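Report on the structure given below.
The values are calculated or read from the model by the stated rules, or taken from the named source; none is laboratory data. The structure displayed is predicted, hence computed values, not measured ones. Methodologically, a virtual Cβ is constructed for each residue, glycine included, from the backbone with ideal geometry; neighbour enumeration extends over all protein chains shown. For accessibility, only protein heavy atoms count, side chains too; no ligands or nucleic acids. Shrake-Rupley method; radii C 1.70, N 1.55, O 1.52, S 1.80 Å.
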Amino acid sequence: MSSHLLPFTATPPPQIPSKASPLAQHTLSQRTHIPSHIYKHPAAILLELCTSPKELHQILPQIIKNGLYNETLFQTKLISLFCKYGNLTEASRVFEPIEDKFDALYHTMLKGYAKSSSLDSALSFFSRMKHDSVRPVVYNFTYLLKLCGDNSDLKRGKEIHGSVITSGFSWNLFAMTGVVNMYAKCRQINDAYNMFDRMPERDLVCWNTIISGYAQNGFAKAALMLVLRMSEEGHRPDSITIVSILPAVADTRLLRIGMAVHGYVLRAGFESLVNLSTALVDMYSKCGSVSIARVIFDGMDHRTVVSWNSMIDGYVQSGDAEGAMLIFQKMLDEGVQPTNVTVMGALHACADLGDLERGKFVHKLVDQLKLDSDVSVMNSLISMYSKCKRVDIAADIFKNLRNKTPVSWNAMILGYAQNGCVNEALNAFCEMQSRNIKPDSFTMVSVIPALAELSIPRQAKWIHGLVIRRFLDKNVFVMTALVDMYAKCGAIHTARKLFDMMNERHVITWNAMIDGYGTHGLGKTSVELFKEMKKGTIKPNDITFLCALSACSHSGLVEEGLCFFESMKKDCGIEPTMDHYGAVVDLLGRAGRLNQAWDFIQKMPIKPGITVYGAMLGACKIHKNVDLGEKAAFEIFKLNPDDGGYHVLLANIYATASMWDKVAKVRTIMEKSGLQKTPGCSLVEIGKEVHSFYSGTTSHPQSKKIYAYLETLVDEIRAAGYVPDTNSIHDVEDDVKVQLLNTHSEKLAIAFGLLNTSTGTPIHIRKNLRVCGDCHNATKYISLVTGREIIVRDMHRFHHFKDGVCSCGDYW
């Protein structure tokens with residue numbers, strides 16, 4: 001052996017089956033005579049005992065020093081060990097100089113290529129074997145078939161299948177099991193079954209292969225039926241069979257069958273097997289029985305990191321993020337090193353909890369474990385920071401991420417959208433497209449809600465067109481997002497058309513349409529749709545009831561709303577949340593039944609929160625009830641004294657009652673605490689540009705023209721009967737009060753829209769706060785004198801103004 005064979009380097013690959021060694025020795029004994037002293041040489045014995053690349057490097061100097069590297073036995077063993085440890089380069093440097101290569105060397109090299117190289121390299125070497133007239137053995141085909149399956153390469157898998165047949169191995173159990181496995185992994189389960197069914201004999205490995213194939217391809221029930229058939233044909237399921245079918249049971253949420261499988265595990269004495277117990281933990285978690293999963297987990301004598309990961313994920317998926325974090329901490333306390341899967345589960349839990357501090361702790365752990373090169377982990381960090389309201393940190397991580405995947409872009413777009421950064425979400429979406437990264441259904445479900453918040457019909461049509469061009473218009477989640485978007489853009493009839501066209505509807509689809517009707521003041525239609533849903537197979541969830549209650553509230557359907565609330569727990573077993581109680585208070589309060597609303601609050605089985613008291617305070621503002629308004633505000637300020645909006649609401653209640661001293665007191669508290677009212681802002685799109693207006697703004701290029709036109713417009717609507725409502729303004733003269741009213745953001749936006757659109761064009765306005773009473777009244781008169789339809793979306797609902805009438809019927 002020449003000096004070019006040195007230095008030797010090696011890295012460990014998967015273990016090679018021990019059956020190859022006898023084959024090599026048998027062939028070797030046929031082709032050459034090896035003296036007994038070579039077999040018994042200490043270096044030969046050391047090679048037989050070699051268990052790692054490090055040990056191999058320690059033995060090599062002895063082989064070279066004793067001049068044994070030209071001996072066939074040592075060449076054969078070196079090739080085998082280099083292939084075993086994944087160092088094909090050094091294996092080739094031993095293999096190539098051998099002049100009289102016997103078949104076993106080729107088989108060993110092919111095994112190495114199949115286990116540690118690419119499919120192309122393995123097939124290339126197989127072609128060389130044919131060229132060198134090496135007769136293939138059955139294991140050549142099993143290795144290649146496995147490699148084709150792992151790469152989902154059906155075309156070349158079929159070619160290998162053809163070689164199996166032409167080589168006379170179509171009867172061989174091992175070869176045909178490899179064929180079945182290849183077709184199953186290439187998602188050709190029917191072909192896999194056809195091969196399986198034609199086999200004259202089948203062993204347990206073969207049965208497990210086809211069962212696993214059906215399970216991994218999503219055919220859980222078929223996999224379970226095969227287990228029954230397998231038992232009927234005299235093959236007792238082993239632990240591998242059970243591990244194969246439990247994920248299928250979990251994915252189909254077949255808890256009863258899962259429990260039956262668990263019973264078999266106990267009867268067969270498999271419960272001590274860690275991989276099987278881990279699969280049971282995963283199955284019970286996914287079937288919604290996390291408590292049983294935890295009992296199994298706690299009873300395990302030995303746990304792998306996969307066991308811990310399954311338990312953490314089980315808690316996360318069941319909605320118990322705190323439970324997931326407790327298990328995660330216990331795992332760290334016991335000295336188990338987390339993997340990328342572990343930290344992703346922990347980050348998911350932190351995101352669900354909105355727990356920034358623990359999220360930062362996990363982030364530090366990511367750095368310590370050097371997982372910052374794992375793009376999936378970094379995507380989880382982006383999502384966690386976004387949900388913890390630190391989208392700025394998420395954006396920095398995203399910016400510095402080198403190998404961004406579509407999931408990375410989706411996470412960032414969704415993060416922006418969730419944090420109200422609509423423009424940033426749209427910019428990221430446009431940048432994604434500019435880089436030729438094709439948006440998928442997840443991208444669309446992330447960006448469409450951002451467009452919905454802008455409430456711009458033109459952009460709604462643009463994204464709808466893109467959905468169609470990307471062939472995503474059959475995806476139930478994308479179509480649901482479009483239904484919701486059109487409803488939020490004021491096009492409720494378009495939303496209903498899409499809803500009716502959908503072949504498949506999810507519960508969130510029904511929720512979006514029910515809520516859409518509610519926000520447009522079409523409460524009766526919303527209630528009818530809710531009743532229609534209850535008659536079908538899709539059952540309402542807690543969000544459905546919240547949408548229905550909100551719709552009843554906006555339309556004054558008090559009795560219907562109260563009936564829905566009562567039926568939640570009674571008929572559907574859904575426990576009301578704080579939001580549901582708040583919706584009932586809003587329902588009663590808007591209808592003027594303030595005392596009943598207050599009594600309802602006092603009798604709540606849970607401690608009322610800001611949602612509940614906020615609804616009460618808003619109702620007191622509408623109906624000018626100072627006494628209950630003060631009580632509600634007092635409770636709010638105990639819970640959150642730093643919200644300026646509720647202070648302003650209380651001040652307005654006092655102002656309406658001309659209690660100016662109390663107004664001054666509230667404002668003094670606000671000034672001392674540094675609290676400010678959220679400034680009113682209205683958006684209107686003209687052409688392809690969105691224009692923003694704040695109350696009293698003069699920064700717009702057309703400000704002079706807008707104010708001049710608005711002055712004329714106010715004169716026109718006054719002549720038609722409009723009377724300014726100045727009750728909430730004080731400390732200034734009456735004429736100044738009117739001037740202040742005329743500078744409200746929605747009036748400026750409406751005036752600008754009227755000036756810059758042709759006659760008959762509807763005006764779409766988006767307001768960030770609730771429309772005030774004066775602007776609501778003024779807009780009715782503006783629609784009358786101009787003959788224009790004006791659609792205003794405020795923070796709660798839509799108002800369609802036409803011919804002097806609002807769709808809300810002055811009930812909002």
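Some points to look at:
- The Cα trace of segment 193-239 gives Rg and Dmax of 10.0, 27 Å, the first to one decimal, the second as a whole number.
- For the chain, the mean residue ellipticity at 222 nm estimated from helices alone is -21000 deg cm²/dmol, where every DSSP H run of n ≥ 4 contributes -39500 (n - 2.57) and the total is divided by all residues, rounded to the nearest 500.
- Ordered from longest to shortest, the equivalent ellipsoid semi-axes for segment 581-672 are 22, 15, 9 Å, each the square root of 5 times a Cα gyration tensor eigenvalue.
- Which label in [x] 33.9; [y] 32.6; [z] 29.4 gives the computed Kirkwood radius over Cα pairs in Å: [y]
- Approximate shape of segment 411-544 as ellipsoid semi-axes (Cα gyration tensor, √5λ), whole Å, largest first: 27, 15, 13
- Once the 1.4 Å probe is applied to the protein heavy atoms, the chain comes out at 48 Å² accessible per residue.
- Inter-centroid distance (Cα atoms) of segment 332-364 relative to segment 516-595, Å: 38 Å
- Computed over segment 671-718: relative contact order in percent, which uses C-alpha pairs under 8 Å that are six or more apart: 21 percent
- In this structure, the pairs whose alpha-carbon distance is over 18 Å, taken from Lys360/Lys387; Lys286/Lys389; Lys286/Lys534; Lys603/Lys662, are Lys286/Lys389; Lys286/Lys534; Lys603/Lys662.
- Using alpha-carbon coordinates, inclination of helix 492-501 to the longest axis of the chain, degrees: 30 degrees
- C-alpha center-to-center spacing [segment 267-294, segment 141-186] in angstrom: 33 Å
- Cα long-axis angle, helix 340-353 against the chain (0 to 90 degrees, to the nearest 10): 10 degrees
- Where a label projected 7 Å from the Cα of Thr757 along Cα→Cβ would reach, residues of segment 448-490 with amide N under 11 Å: 457-458
- Long-range tail of P(r) for segment 534-602 (Cα pairs > 18 Å, %): 32 percent
- Helix 476-488 and the long axis of the chain differ in direction by around 20°, with both axes built from C-alpha atoms.
- For segment 574-732, the fraction of alpha-carbon pairs in successive 10 Å shells from zero, as %: 9, 28, 28, 23, 10, 1
- Ordering His493, His302, His623 by accessible surface, largest first, gives His493, His302, His623; the 1.4 Å probe counts only protein heavy atoms, with every chain in place.
- Cβ-Cβ FRET estimate between Thr166 and Leu228, R0 fixed at 56 Å, reported to 0.05: 0.95
- Take every pair of alpha-carbon atoms less than 8 Å apart whose residues are at least six positions apart; their mean separation over the length of the chain yields a relative contact order of 4 percent.
- Whole-percent carbon and sulfur share, accessible surface of the chain, 1.4 Å: 52 percent
- Listed pairs Lys677/Lys704; Lys524/Lys747; Lys54/Lys84 exceeding 19 Å between Cα atoms: Lys677/Lys704; Lys524/Lys747
- In segment 185-265, GluC sites (Glu not before Pro) in a DSSP loop with at most 14 other beta-carbon atoms within 10 Å: Glu201, Glu233
- Accessible area of Thr786 in the full protein assembly, 1.4 Å probe (Å², nearest 10): 40 Å²
- Under-5 Å amide H pairs with Glu685, H placed in peptide plane, nonlocal only: His691, His764
- Top positive-direction residue, dipole computed over the chain with Cβ charges, set Pro449, Pro97, Tyr284: Pro97
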